[in-house]
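Colleague: For reference, the structure I am asking about is given below.
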Amino acid sequence: MSEPVLTPVIMCGGAGTRLWPISRESMPKQFVSLVGDQSTFQQVVGRVSGNGIFGRPVIITNTDFRFIVAEQLRECNIEADIVLEPMRRDSALAVAIAASLAAARDPAAIVLILAADHVLRDSEPFIKACAEAAAVAAEGRIVTFGINATTPATSYGYIKPGEKLNGGTARSVEAFVEKPDAQTAGRYVAEHYLWNSGNFIFRADVMLAEIARLEPEIAAAAKSSVDGLTRDLDFLRLPDEPFRRAPKKSIDYAVMERTNLAAVLPIDCGWSDVGSWSAVWDILDHDTDGNASTGTVVFHNSRNSLARSDETILTAVVGLENVVVIATPDAVLVTSREQAEQVKGLVERLKAQNRQQAVQHLRIYRPWGYYQGVDIGSRYQVKRIVVKPNATLSLQKHFHRAEHWVVVRGTAEVTVGTDVSVVHENESIYIPIGSVHRLANPGKIPLELIEVQVGSYLGEDDIVRLIDQYGRN
């Protein structure tokens, strides 16, 4: 009998505020290169591609991230079905939708739910565990991967394993509990509980039946959402109204803590949910003083610390121990490793103060490339714009600003009104207020230009898109 084919479903809609300022709502941690050259999302999708037991991946993400997902898949040369959520509704609804999509093709389909922001040091035991868990799931169990609990962490759910199932590695679950306090977590570690990795394998019809029994509102919302699925360019878009009706619940609270079908498969694969900067320090390689770094960083007389520097910023750490220093062009974080979990509360405070740095990077990605803020004043703004080869921006106009474009690399095709001009390196062009215009890159290398905006209002919402190939007008 051949091994069952798993349908991998990767959930990547979270915000990852504990890893601010690198992770922000406009570009959360799953799309950032935290460990290695690829983002954690790319690492996860690569892990379940090109192997015989996995089918075509399904990506469930927020509509705001659709072009980031598509671009990062393109960079990996991986094809997937991208399903767009209109808003955040936590993991229970996402799992129900994934099960519904799989069941529409085969009610007994085996579904693998993966978080997009987790890191594994060793993929081989994970692949083997997936094959074993799939066999257990085919018999009607909902299987989660359990990680040996080494410290009394309060940020993980815990699983008390029971008896072995069918003589294999998988066990029944005696207790499934969410994020305890420190004292309780210490007792769980002493009693050999496992951490819940947040990755699951189940038969589609089994999960749907359990959600319908335990959370009928979520089940109904998932069914209506999948029934109303529409295609938008290369994406599958879930409808707003039925999706909105679902309660916000995690799959742990909704099902795993209450079902009698739970099973756990212990796995040793160097797993981390990369839930804080201290966790990032754990994963990265250390120097002889226990320091870990990314970017242009210098340590002097410092120990057991993490420093990360974005772009060309030189970051120096002198005479400190057990600290985290994260430097970006518009924000710097300094914290002790012990208090790294408090960053989430800091971000909430920054949001309450309406600080743009809390949610948005200077670099903003678009389907055609990206732009990055360079300078801003009361009536002007300077941006660096990079347009991918053969990409085109929308045909648009502005009511409150004029724009000056200077090409510094590549070739720009610029439409202003009915005139079309080709602008080369070291040449510029002026876009008057109110004029209908468009920018395109007809070349084979990225187009890079400096844009100077001048006017009474410089917000991004002063854009009227007349024609947009990405469906945003």
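Colleague: For the residue pair Lys351 and Leu233, what label-to-label distance in nm results when each label sits 7 Å from Cα along the Cα-to-beta-carbon direction?
Modeller: 2.6
Colleague: Could you sort Arg303, Arg472 by accessible area so the largest value comes first, with the probe set to 1.4 Å?
Modeller: Accessible-area ranking of Arg303, Arg472, largest first: Arg303, Arg472.
Colleague: Hey, can you rank 98-108, 139-149 by average C-beta count inside 10 Å, highest first?
Modeller: So the peptides 98-108, 139-149, ranked by packing, come out 139-149, 98-108.
Colleague: Residues with amide H under 5 Å of Ala263's amide H, sequence separation 5 or more or different chain, H placed in the peptide plane at 1.01 Å from N; which?
Modeller: Here Ile142, Val143, Thr144 satisfy the definition.
Colleague: Can you give the alpha-carbon Rg of region 131-177 over 2.2 N^0.38 Å, where N counts its residues?
Modeller: For region 131-177, the normalised Cα radius of gyration is 1.24.
Colleague: OK, next. What does the highest-first list of 290-297, 334-341 look like by mean Cβ count within 10 Å?
Modeller: 290-297, 334-341
Colleague: Would you please state which residues of region 7-42 a label at Glu460 would reach in this model, taking the label point 7 Å out along Cα→Cβ and a backbone N cut-off of under 11 Å?
Modeller: Counting only backbone N, you get 25-27.
Colleague: Compute the long axis of helix 90-105 from its Cα atoms, compare it with the longest principal axis of the Cα atoms of the chain, and write down the angle in degrees, 0 to 90, nearest 10.
Modeller: 80
Colleague: Could you please report the charge total around Gly373, scoring K, R as +1 and D, E as -1 over all other residues with beta-carbon less than 9 angstrom from its beta-carbon?
Modeller: Cβ neighbours under 9 Å give a net charge of +1.
Colleague: Strictly over 31 Å apart at the Cα level, which of Lys249/Lys388; Lys29/Lys128; Lys160/Lys248; Lys29/Lys164; Lys29/Lys388; Lys248/Lys344 would you flag in this model?
Modeller: Lys249/Lys388; Lys29/Lys164
Colleague: About the Cα centre of the chain, how large is the charge dipole given +1 on each Lys and Arg Cβ and -1 on each Asp and Glu Cβ? Please answer in debye to the nearest 20.
Modeller: Around 680 debye, computed over the chain.
Colleague: As I understand it, the value is the acute angle between the Cα axis of helix 204-214 and the longest principal axis of the Cα atoms of the chain; what does it come to in degrees, rounded to 10?
Modeller: 80
Colleague: Let me ask you something else. Can you give the accessible area of His400, probe radius 1.4 Å, in Å² rounded to 10?
Modeller: For His400, solvent-accessible area is about 80 Å².
Colleague: Using +1 at the C-beta of Lys and Arg and -1 at the C-beta of Asp and Glu, which of Tyr371, Ile326, Ala182 has the Cα lying farthest in the positive direction of the dipole of the chain?
Modeller: It is Tyr371, whose Cα lies furthest towards the positive end.
Colleague: Taking the Cα centre of region 87-165 as origin and charging only Cβ (+1 Lys, Arg; -1 Asp, Glu), how large is the dipole, in debye to the nearest 20?
Modeller: The dipole of region 87-165 has a size of about 180 debye.
Colleague: Just grab the label-to-label distance for Gln469 and Arg384, each label 7 Å out from Cα along the Cβ direction, in nm (one decimal).
Modeller: Placing both labels 7 Å along Cα→Cβ, they lie 2.5 nm apart.
Colleague: Would you work out the charge dipole size for region 340-406 about its Cα centre, treating the Cβ of every Lys and Arg as +1 and the Cβ of every Asp and Glu as -1, and quote it to the nearest 20 debye?
Modeller: 100
Colleague: Among Ala108, Ser49, Ile68, flag the residue with its Cα farthest along the positive direction of the charge dipole of region 41-118, charges on Cβ as +1 for Lys/Arg and -1 for Asp/Glu.
Modeller: Most positive-ward Cα: Ala108.
Colleague: Further question on the same structure: Could you order His192, His404, His300 by accessible surface area, starting with the largest, using a probe radius of 1.4 Å?
Modeller: My answer, sorted largest first, is His192, His300, His404.
Colleague: Helix 66-76 sits at what angle to the longest principal axis of the chain, using alpha carbons and giving 0 to 90 degrees rounded to 10?
Modeller: Helix 66-76 sits at roughly 80 degrees to that axis.
Colleague: Mind giving me the FRET efficiency for Asp122 and Arg245? R0 is 60 Å, r the Cβ-Cβ distance, nearest 0.05 is fine.
Modeller: Efficiency at R0 = 60 Å is approximately 0.90.
Colleague: Then there is this: Give the residue list of GluC sites (Glu not before Pro) in region 406-473 that are DSSP loop and have at most 16 other beta-carbon atoms within 10 angstrom.
Modeller: Counting only loop positions with at most 16 other Cβ atoms within 10 Å, the GluC sites (Glu not before Pro) in region 406-473 are Glu425, Glu427, Glu460.
Colleague: Counting only heavy atoms of protein chains, what accessible area per residue, in Å², does region 24-104 have with a probe of 1.4 Å?
Modeller: Value for region 24-104: 33 Å² per residue.
Colleague: Would you please name the chymotrypsin sites (Phe, Trp or Tyr not before Pro) within region 367-423 that are DSSP coil residues with at most 16 other C-beta atoms within 10 Å of their C-beta?
Modeller: Phe399
Colleague: Please state the shape class of region 61-135: rounded when a/c is under 1.5, otherwise prolate if a/b exceeds b/c and oblate if not, all from the C-alpha gyration tensor.
Modeller: Oblate, because a/c is 1.5 or more while a/b does not exceed b/c.
Colleague: Along each principal axis of its Cα atoms, how long is region 412-471 end to end? Whole angstroms, biggest number first, please.
Modeller: Sorted largest first, the three principal extents are 33, 27, 22 Å.
Colleague: A further question follows. With the radius of gyration and the Kirkwood radius both derived from the Cα set of the chain, what is their ratio Rg to Rh?
Modeller: Using Cα coordinates only, the ratio equals 1.00.
Colleague: Report in % the part of the accessible area of the chain that belongs to carbon and sulfur, leaving out ligands and nucleic acids; probe 1.4 Å.
Modeller: 48
Colleague: Provide the packing ranking of 165-175, 82-92, i.e. peptides ordered by the mean count of other C-beta atoms within 10 Å per residue, highest first.
Modeller: 82-92, 165-175
The values are calculated or read from the model by the stated rules, or taken from the named source; none is laboratory data. Everything numeric in this text was worked out from a predicted model, so none of it was measured. With ideal geometry, Cβ positions are generated from the backbone for all residues, glycine too; neighbour counts draw on all protein chains shown. In case anyone asks, the SASA skips ligands and DNA or RNA and just uses the protein heavy atoms, side chains included. Shrake-Rupley method; radii C 1.70, N 1.55, O 1.52, S 1.80 Å.
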